[in-house]
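Just so it is clear, none of the values below were taken in a lab; they were calculated from the coordinates. Please read all numbers here as calculations on a predicted model, not as lab measurements. Note that we place each Cβ from the backbone using ideal geometry, even for glycine, and neighbour counts take in every protein chain shown.
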Amino acid sequence: MNTYTTHKPKLIITGVAVRTTNAEETGPDGRLPQLWDTYFQSNLVSAAGVRNPQFLYSLYTDYESDVNGAYTVVIGHETDNEFVQDDNNHAVVEIPESKYIVFTAKKGPMYEVVPEAWREIWTYFKQSPEVRTYTGDFELYDSRNSDPANTEVQIYIAIK
C-alpha cells in the first residue's frame, strides 16, 4: 500500500450516518453494508449544495476513544456550506483541518480491498511513531473511475 502525507483544510460533508464499532462490523450485525445501500438509494449526489459530486466520502468521526470504541460513519459528499437543500434529514458534519497520512489501497473488489486496507492501517499505527488524532478519518472514492470489481480507494488518517 502506498502512502504520503498531506494537509487538508476543513470540509463539510452531508450524507447518511450510522454509529457502530469495529467489533460489530466484523460480526454478522455489521451496519455498514446497510448504510451503503441507504446512500445509494438516497440520490444524495444530486442534492442542491453538493460540491464535487464525483467524490464520495466515507467519513469516520465522533470517535468514542480509539479503534476499539464506537464511532460514527457518514457516507456522502462535500457541501459548500452547512445546509444542503433536500427533504431528507441527512447528517451534516465537519472534517476539521488536519495533517493526514494517505493510504492508497490496491485495486480490487471494494468489499475485499477496503477491509484489507484498514487492517494494514491498524498494523501500521501499532508500529509507527505517528499518532492518530481520531478527529476525522475518511475514505475517498472517485466516481469517475468507478468499477466495483476494481475499486481504488484512498484512506486519509488524521495525525498530530
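Working from Cα positions, state the angle (0 to 90°, nearest 10) between the long axis of helix 32-42 and the longest principal axis of the chain. Tilt of helix 32-42: around 30 degrees. Between helix 110-127 and the chain there is an angle of about 40 degrees, using the helix long axis and the longest principal axis of the Cα atoms. Relative to the compact-globule estimate of 2.2 N^0.38 Å, the Cα radius of gyration of the stretch 1-66 comes out at 1.33. Electrostatic tally near S146: other residues with Cβ closer than 15 Å to its Cβ, Lys and Arg +1, Asp and Glu -1, net -2. List nothing, just return the count: lysine pairs in the chain, 8 or more apart or interchain, with Cα separation under 15 Å. Taking the Cα cut-off of 15 Å, the pair count is 4.
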